[in-house]
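The values are calculated or read from the model by the stated rules, or taken from the named source; none is laboratory data. Small disclaimer: the values here were computed from a predicted structure and weren't measured. Cβ sites come from the backbone with ideal geometry, for glycine too, and all protein chains shown count toward neighbours. Please note that ligands, DNA and RNA were not included when accessible areas were found on the heavy atoms of the full protein model with its side chains. Shrake-Rupley method; radii C 1.70, N 1.55, O 1.52, S 1.80 Å.
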Amino acid sequence: MRAICLDAEDDFEGWRVAARSLAAIRIPAHEILWQVGGQPADLFGTVASPATATAPMAVPRDFVSLARQVILNRDPERFSLLYALLLRILDEPHSLQNRADRQLRRIEALHRSVRRDIHKMRAFVRFREVGEGKARRFVAWFEPEHHIVRANAAFFVERFTTMRWSILSPLGSIHWDGETLAEGPPAQRNQAMGDDPVEVVWKAYYSAIFNPARLMPNAMLKEMPKKYWKNMPETALIPGMIAGARERERGMLADARALPVKGYGAATIEGLREEARSCRRCPLWRPATQTVFGEGPHDARIMIIGEQPGDQEDQAGKAFVGPAGQVFDRALLAAGIDRASVYVTNAVKHFKFEPRGKRRIHARPNVGEIDACRWWVDQERAIVRPKLVIAMGATAARALTGRTMSVSSARGRPLILEDGTAAWITVHPSYLLRLPSEAEADEAFSQYVADLRGAVAKLEAA
């Protein structure tokens with residue numbers, strides 16, 4: 001057994017030099033004991049100093065980048081795991097592309113954890129001002145999960161070049177005096193200062209930019225875990241802002257509706273669509289790519305209303321082109337309805353979603369957003385003047401009637417709207433996509449088709 005002593009927990013260069021030397025003579029991973037600084041030496045190990053490899057060694061650049069960050073993880077097996085992977089890469093250069101490999105997946109999990117920790121430090125470090133005049137400086141406290149403080153120093157030097165600051169942590173400290181970066185020993189929480197006058201300004205700014213209509217507590221907690229809250233002054237405001245979010249949202253909607261709106265009320269669908277591109281009646285326009293308006297013959301006898309655009313509709317700018325749209329098209333065909341003959345639109349014209357990594361997950365519009373967008377649905381109906389309106393799902397039913405109703409209790413029977421138009425309620429095609437079994441989906445699809453067919457039959461019989 002060979003024992004390799006590294007200078008520090010994040011000593012990537014030390015590990016790299018030693019690993020190159022050992023790999024050059026193919027020393028197996030299980031014969032190497034990696035130790036850091038003053039850790040007790042293994043009783044059966046021969047302590048060896050890292051040596052310089054005698055022969056050039058070519059490894060993929062991706063591996064070097066991966067190893068440089070994985071070394072920062074606190075997992076004590078990281079040195080050995082990386083070395084074992086290095087040996088495999090030398091013999092099998094394509095090992096890094098094998099995503100099914102268990103060892104590589106474990107290393108990638110360590111990598112993700114380090115990257116998250118680096119991101120959290122950059123996002124959640126809060127400086128407090130201490131001292132006055134020439135003694136003025138800023139101090140922050142952060143508790144990292146991994147050995148990232150030194151690796152993150154360059155980011156803070158670049159971001160706060162003109163400030164004199166210190167970041168204290170239980171794993172080490174860094175200090176910048178405007179010209180030189182210095183390292184210090186681990187610190188304790190009580191060495192960081194409490195509130196300062198700048199925090200009052202920061203809290204006021206944070207409160208001002210809070211948008212109650214975009215409040216998503218679960219997504220917020222995922223991005224801002226509570227364990228960091230104690231170091232962030234603005235977090236003291238969050239419970240109150242959440243409690244008052246609904247009331248503030250109502251106020252925003254009321255203010256938006258009260259604004260004089262230039263040009264609303266076009267006499268044609270083309271004009272209405274153009275006006276809707278700049279709709280600001282609710283906050284959903286901000287994250288959405290574009291307005292997705294209704295389409296179809298302007299004198300269609302049948303109007304069909306869905307819920308809101310999905311991810312694909314938002315990108316394409318067209319209604320019902322995603323997975324639910326494919327179910328919709330199949331159901332129309334089965335019911336004997338030509339899609340080209342009907343006017344298809346949505347209750348809400350902008351895509352509402354929750355970001356999860358690179359994905360945008362559908363989020364149901366709330367009552368305020370439905371009611372704000374109902375103005376457009378009413379204008380579409382006024383221009384198209386359909387004989388029959390089919391609302392698919394509870395959101396569409398709300399937009400059509402102005403009342404909240406359950407689909408299960410209203411479907412399968414005609415409704416008469418205030419202007420005398422016949423209306424039917426049925427499920428939204430996306431509901432069929434969420435059913436757990438194929439048998440349930442088939443049965444629900446048949447019932448959905450029966451609803452469409454029954455509504456049209458009633459129209460023909462009238």
Condition check: assigned to a helix (DSSP H, G or I) and at pLDDT 70 or above. Does Leu221 satisfy that? yes
Close pairs (6 angstrom Cβ cut-off, 6 or more residues apart or separate chains): without any contact (Cβ under 8 Å) to a residue 24 or more places away in the chain in segment 442-462, assigned to a helix (DSSP H, G or I) anywhere: Ala444/Leu432
Of the conditions (1) touching a residue at least 24 places away in the same chain (Cβ under 8 Å); (2) not in a helix (DSSP H, G or I), Val327 fails just one. Which one is it? (2)
Spot the failing condition for Arg411; the list is (1) free of Cβ contacts under 8 Å to residues at least 12 places away in the same chain; (2) closer than 16 Å to Lys458 by Cβ, and only one is missed. (1)
Scanning segment 90-103 residue by residue, the ones that are in a helix (DSSP H, G or I) and either under 27 Å from the mean Cα position of the chain (by Cα) or without any contact (Cβ under 8 Å) to a residue 60 or more places away in the chain (or both) total 6
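Name the one entry in Val348, Val389, Val344, Val384 that is more than 34 Å from the chain's Cα centre (by Cα), modelled with pLDDT of 95 or more and crowded, with 17+ Cβ neighbours inside 10 Å. Write out each step before concluding.
On the way: Val348 fails: more than 34 Å from the chain's Cα centre (by Cα); Val344 fails: more than 34 Å from the chain's Cα centre (by Cα); Val384 fails: modelled with pLDDT of 95 or more.
Step by step, each of Val348, Val389, Val344, Val384 is checked, and only Val389 is more than 34 Å from the chain's Cα centre (by Cα), modelled with pLDDT of 95 or more and crowded, with 17+ Cβ neighbours inside 10 Å.
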Can you tell me which residue is least open to solvent (accessible area, probe 1.4 Å) among those in segment 282-324 that are out of contact with any helix residue (DSSP H, G or I) (no Cβ under 9 Å at 6 or more places or on another chain) and either of a type in the set (S, T, N, Q) or part of a helix (DSSP H, G or I) (or both)? Asp314
With respect to the numbered conditions (1) free of Cβ contacts under 8 Å to residues at least 12 places away in the same chain; (2) crowded, with 18+ Cβ neighbours inside 10 Å, which one is the sole condition not fulfilled by Gly131? (2)
Can you tell me how many residues in segment 412-462 are within 14 Å of Met392 (Cα to Cα) and acidic (Asp, Glu)? 1
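With the structure loaded, tell me whether Asp75 is modelled with pLDDT under 90, of a type in the set (Asp, Glu) and surrounded by fewer than 17 Cβ atoms within 10 Å (Cβ to Cβ) or whether it fails that test. First the steps, then the outcome.
Details: modelled with pLDDT under 90: no; of a type in the set (Asp, Glu): yes; surrounded by fewer than 17 Cβ atoms within 10 Å (Cβ to Cβ): yes.
Considered against the rule, which asks whether it is modelled with pLDDT under 90, of a type in the set (Asp, Glu) and surrounded by fewer than 17 Cβ atoms within 10 Å (Cβ to Cβ), Asp75 comes out as no.
Pick from segment 434-448 the residues that are among the hydrophobic types (A, V, I, L, M, F, W, C) and surrounded by 14 or more Cβ atoms within 10 Å (Cβ to Cβ): which of them is nearest to Ser406 (Cα to Cα)?
Of segment 434-448, the ones among the hydrophobic types (A, V, I, L, M, F, W, C) are 435, 439, 441, 444-445.
Narrowing further to those that are surrounded by 14 or more Cβ atoms within 10 Å (Cβ to Cβ): 435, 441, 444-445.
Details: Leu435: 18, Ala441: 20, Ala444: 17, Phe445: 19 Å.
Across segment 434-448, the extreme among qualifying residues is Ala444.
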Meets criteria (open to solvent by 90 Å² or more (accessible area, probe 1.4 Å) and either part of a strand (DSSP E or B) or closer than 30 Å to Trp176 by Cα (or both)) for Arg126: no
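Regarding Ala55, is this residue in contact with a Leu (Cβ under 7 Å, 6 or more places away or on another chain) and at pLDDT below 95?
Numbers: in contact with a Leu (Cβ under 7 Å, 6 or more places away or on another chain): no; at pLDDT below 95: yes.
The answer is no for Ala55.
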Segment 145-179, residues that are small (Gly, Ala, Ser), open to solvent by less than 30 Å² (accessible area, probe 1.4 Å) and either outside any loop (DSSP other than H, G, I, E, B) or touching a helix residue (DSSP H, G or I) at 6+ places or on another chain (Cβ under 9 Å) (or both): Ala153, Ser166, Ser169, Ser173
Options Leu82, Leu87; residue that is closer than 17 Å to Ile32 by Cβ, in a helix (DSSP H, G or I) and open to solvent by 20 Å² or more (accessible area, probe 1.4 Å): Leu87
